[in-house]
Amino acid sequence: MTLSAPITQHVHTIPRKAPDGPANLIGLTRDGMREAFVAAGTPEKQAKMRVNQVWQWIYHWGVRDFAQMTNLAKDYRALLAQHFVIALPEIVSKQVSSDGTRKYLVRIAGGHEVETVYIPEEDRGTLCVSSQVGCTLTCSFCHTGTQKLVRNLTAGEIVGQVMLVRDDLGEWPVPGAPKDETRLLSNIVLMGMGEPLYNFDAVRDAMKISMDAEGLQLSRRRITLSTSGVVPEIARTATEIGCNLAISFHATTDAVRDVLVPINKRWNIATLLDALREYPNLSNSERITFEYVMLDGVNDSDEDARRLVTLIEGIPAKINLIPFNEWPGAPYKRSSNNRIRAFADIIYKAGYASPIRTPRGEDIMAACGQLKSATERARKSRDAIAAEAGLPPA
Ligand code: SAH
Ligand code: SF4
């Protein structure tokens, strides 16, 4: 691949209907859609079949216009068009990194914006999806954490990110064409802006829709939800979604984790690990990913690596080391490559996979923890961030 300078491209989008107009079908579960169809006058007996038909058009074929749903009678199409819309958020702009990563600025109802990142790799294409505008949590190394929570995304706005990016990749199937097994968008990670477990119901519904076998067909094994450690919701993630789980672990003592991931003051390391021991049984998933951001001199010693291995003993796990991605005003530095390798080596020798995550899309601020919508006013100054992290002013 030839490396080129990042480009910014403004994408033309069709104007969307006002949010107080007819109800949006995107984001409704099958049951929700069924109820909506019945309320709009569909006979009870036909409702299930109508849902099957409309569902396929929307989520399998990517159709947005009732007029194109040719296996429905004309007057039924008219009834649907009278009561419903098929509306997605808008792509405001797209930036493409020199490494092929695409960062989309997505506008949702109310004029708020979130970021969605598509990361192409050799054997897969991963979409990093946002679940909230901003975040209520204030992890001291995370750019999103400096932005106030504005609101939760709806299920439609979450699955809408997947659909918009499929549009942009031109990946909806073409009727009659041979089935193509290689998917550009093959995996979802809930690792964008926000804490997904603080918006559980919408995240669950959006993932159920994404997993549906008659629609987007992403298997639960290709979806990973990352949480900072909202302990009471972890079991539900297993039983109600069943996807893979990643934990933003980042420290091996409560004293350090209290600063890096302040939710630790509510549910500390021991409490979190107890909840995690149950996860694989409940969800039938293979391993939990422990995400560990490498911060120079803060959490990256050999002692930390050894403590980490001891802490997670007995949990089927892999440890994903994330070189810290800097952002303007960040109070930390990335650990050196040698330090990261030495840390990885200790973990590897203890029998755990310890991949070091290659930062993607850094030139367009699309890498982990760099997402933040420029339109939302910063809640904290640089000095306030530094002070909270127990560091001198920048
Ligand atoms: N709120 C959820 C999901 C979003 S964050 C969570 O915290 O898990 C996705 C991952 O990026 C988390 O592991 C987070 O800790 C990590 N991250 C945040 N800021 C980062 C930064 N500046 N550099 C590297 N990783 C970061
Ligand atoms: Fe929120 Fe996750 Fe960032 Fe923490 S790391 S502030 S939980 S988005």
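Using just the helices of the chain, give the 222 nm mean residue ellipticity in deg cm²/dmol: DSSP H runs with n ≥ 4 each add -39,500 (n - 2.57), and the total is spread over all residues, rounded to 500.
Helix contribution divided over all residues of the chain: -8500 deg cm²/dmol.
Helix 155-169 against the longest principal axis of the chain: what's the angle in degrees, Cα atoms only, rounded to the nearest 10?
90 degrees
Loop-only check: which trypsin sites (Lys or Arg not before Pro) in the stretch 160-219 are DSSP coil with at most 14 other Cβ within 10 angstrom?
Here the trypsin sites (Lys or Arg not before Pro) that fit, given the DSSP loop and packing criteria, are LYS179.
Contact order normalised by length for the chain, with contacts defined as Cα pairs under 8 Å and 6 or more residues apart; what percent is it?
16 percent
What's log10 of I(q)/I(0) for the stretch 76-132 at q = 0.17, 0.20, 0.21, 0.29 Å⁻¹, Debye sum over Cα points only, no solvent?
Here log10 of I(q) over I(0) equals -0.68, -0.79, -0.82, -1.14.
If you average the alpha carbon positions of the stretch 310-342 and of the stretch 120-190, how far apart do those two centres end up, in angstrom?
The two parts, judged by their Cα centres, are 24 Å apart.
Would you mind putting 62-75, 248-261 in packing order, based on average other-beta-carbon counts within 10 Å, highest first?
248-261, 62-75
Taking all protein chains in place and a 1.4 Å probe, what share, in percent, of the accessible surface of the chain do carbon and sulfur account for?
Of the solvent-accessible surface of the chain, carbon and sulfur hold 52 percent.
Just the accessible area per residue of the chain, please: how many Å² with a 1.4 Å probe?
45 Å²
Quick test of your reading: applying the under-4.7 Å Cβ rule, which cysteines of the chain are isolated?
Taking the Cβ cut-off of 4.7 Å, the unpaired cysteines of the chain are CYS128, CYS135, CYS243, CYS368.
Among rounded, prolate and oblate, which fits the stretch 180-303 when a ≥ b ≥ c are the square roots of the eigenvalues of its C-alpha gyration tensor, a/c under 1.5 means rounded, and a/b larger than b/c means prolate?
It is prolate, given that a/c is not under 1.5 and a/b is the larger ratio.
I need to check one value: relative contact order of the stretch 27-85, counting alpha carbon pairs closer than 8 Å and at least 6 residues apart, in percent.
27 percent
Can you tell me the Rg and Dmax of the chain, counting just the alpha carbons, in angstroms?
21.9, 70
If packing is taken as the average count of other Cβ atoms within 10 Å, what order do 239-245, 158-164 fall into, highest mean first?
The peptides rank, most packed first, as 158-164, 239-245.
Could you point to the residue in ILE288, THR237, GLN56 farthest towards the positive end of the chain's charge dipole, with +1 and -1 charges on the Cβ of Lys/Arg and Asp/Glu respectively?
Result: GLN56, furthest along the dipole toward the positive end.
The values are calculated or read from the model by the stated rules, or taken from the named source; none is laboratory data. All values derive from a computational prediction rather than experimental measurement. Positions of Cβ are generated from backbone atoms using ideal geometry, with glycine treated the same way; all protein chains shown enter the neighbour counts. Protein only, heavy atoms only, side chains kept; ligands, DNA and RNA dropped before computing areas. Shrake-Rupley method; radii C 1.70, N 1.55, O 1.52, S 1.80 Å.
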